[in-house]
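Chemist: Let me give you the structure first, and then I'll get to my questions.
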Amino acid sequence: MNVMIVVTHLLGTGHLARALTLARAYITLGHTVTIASGGMPAAQLDRGDVQILQLPPVRSDGVNFTVLLDDQGAPASDAMMGDRIAALLGRLAAQAPDILITELFPFGRRILRAEFEALLQAAHNLPHRPLICSSIRDILAPPSKPKKAVLADQLIDTFYDMVLVHSDRDVTPLELSWPVSEALAPKLHYTGFVAPPAPSPHPQRSGTNEVIVSAGGGDVGAHIFAAAIGAARQDPDRHWRILVGGADAAERGADMARAAPANVTVEPARPDFRQMLHHAAASVSMCGYNTALDVLQTGCPAVFIPFDAGSEVEQGLRADALARLPGIAVLRSADLSPDRLTKALLEVTLTACRAPRQAGFDGARETVKITAHHLEAM
């Protein structure tokens, strides 16, 4: 099968990471994949094993997803957006994929509606129309207005063959965050969670007995890092490691390191982060899709501080669902302080160990199976 996956991450890198995991599952099973990526380049995620078409990159203006900025921080121009559409359509025509997957759209990324609709219409006009799928995570940002859900239904009905829901229906059904209409329900296909293979323990046991603090691959998390530095001062006998993501990680990290006590290491986000969780005393992080799965797959005790700026609720819903498990606590951003973080860490580290979860993470391979089956039936 020949697969094209289209994804644009605007703040963190979770959407791109999930798309890459899907791509690698297809490649492992002998298929050809191209990812068209419209967000900022994320070198830490690129292993060189997936063909990536980098579109002229855009990002959001912080948590304001109604404004697109270019890689210089200026408003994205009409000419630049036109170049993105041209690159997408050119790739589609050259590749003529058997399967076209749009990540998140039409349930999100409505600001990019013009380029997605141009792509979808062009796909329908190909001599051999591909199987067209929408790929979504377990929990979506609930529509702020009913018309947004209606629009998604209309676009699914017009262009799409199926919606791949990367979740376990029994754990986080889509209805938890999105109104599933009678028209949408038959097109939903639950794949299980999409995660890379469970990480093995770190060969050097890096992270042993440390509190590892992270905030994803974007330029957010300053409040988490500040609280962690304050908590580390109250915990001088334990080592804390702060992993900083984003394009300016080195500069932000240097500023933090100057303010941190001696028991804190500040460094850019590491590719061996998942392996380190096997040995850590605890993880402190937001509760994005990928980080949540890392915690489950390693059994690491965790304090989640869900991202909730700009009225975001997705991570809060996920964190509350996971907090029913032992060794996981939730702190809201409004409640975050060094004292409360210290208390939450004490709570999760004194709880009985939670074994690494092994089942339910094969959503990438299941996606390959589901799409292959439906392609054969077309």
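Chemist: Of all chymotrypsin sites (Phe, Trp or Tyr not before Pro) in region 191-289, which ones are in loop regions per DSSP and have a Cβ with at most 14 other Cβ atoms within 10 Å?
Modeler: none
Chemist: Using the alpha-carbon atoms, what tilt in degrees (0 to 90, nearest 10) does helix 289-298 show relative to the longest principal axis of the chain?
Modeler: Long axis of 289-298 versus the principal axis of the chain: about 60 degrees.
Chemist: Something else about it: Work from the charge dipole of region 98-176 (Cβ charges, +1 for Lys and Arg, -1 for Asp and Glu, about the Cα centre) and give the residue of LEU100, LEU155, VAL171 farthest towards its positive end.
Modeler: Sorting the options by dipole projection puts first LEU155.
Chemist: Related question: For region 78-229, with only Lys/Arg (+1) and Asp/Glu (-1) charged at the beta-carbon, what is the dipole magnitude about the Cα centre, in debye rounded to 20?
Modeler: My answer is approximately 160 debye.
Chemist: Could I ask something else about it? Please label the shape of region 292-378 as rounded, prolate or oblate, based on the square roots a ≥ b ≥ c of the eigenvalues of the alpha-carbon gyration tensor (a/c under 1.5 means rounded; beyond that, a/b larger than b/c means prolate, else oblate).
Modeler: oblate
Chemist: Per residue, what accessible area does the chain have, given a 1.4 Å probe and all protein chains present, in Å²?
Modeler: Heavy-atom accessible area per residue stands at 42 Å².
Chemist: I would also like to ask the following. Determine, for each peptide in 91-97, 13-19, the mean count of other beta carbons within 10 angstrom over its residues, then list the peptides with the highest first.
Modeler: 13-19, 91-97
Chemist: Within the accessible area of the chain, what % is carbon and sulfur when the probe is 1.4 Å and the other protein chains stay in place?
Modeler: The C+S portion of the solvent-accessible surface of the chain is 54 percent.
Chemist: Further question on the same structure: Using a ≥ b ≥ c from the Cα gyration tensor of region 1-147 (square roots of the eigenvalues), is it rounded, prolate or oblate, where a/c under 1.5 gives rounded and otherwise the larger of a/b and b/c decides, a/b for prolate?
Modeler: rounded
Chemist: For the Cα atoms of the chain, what angle does the longest principal axis make with the long axis of helix 249-259, in degrees from 0 to 90, nearest 10?
Modeler: Value to nearest ten degrees: 20.
Chemist: Whenever you get a sec, line up THR28, THR291 from highest to lowest accessible area (probe 1.4 Å, protein heavy atoms).
Modeler: The most accessible residue leads, giving THR28, THR291.
Chemist: Would you mind pulling out the separation of the Cα centroids of region 53-102 and region 352-378, in Å?
Modeler: Centre-to-centre (Cα) distance: 29 Å.
Chemist: Only Cα pairs under 8 Å and at least 6 apart count here; give the relative contact order of region 184-246 as a rounded whole percent.
Modeler: Across region 184-246, relative contact order equals 39 percent.
The values are calculated or read from the model by the stated rules, or taken from the named source; none is laboratory data. Keep in mind that this is a model prediction, so the values were computed, not measured. Glycine also receives a Cβ, built like all others from the backbone with ideal geometry; neighbour counts cover every protein chain displayed. Each accessible area value is taken on the protein alone, full model and side chains, heavy atoms only, with ligands, DNA and RNA left out. Shrake-Rupley method; radii C 1.70, N 1.55, O 1.52, S 1.80 Å.
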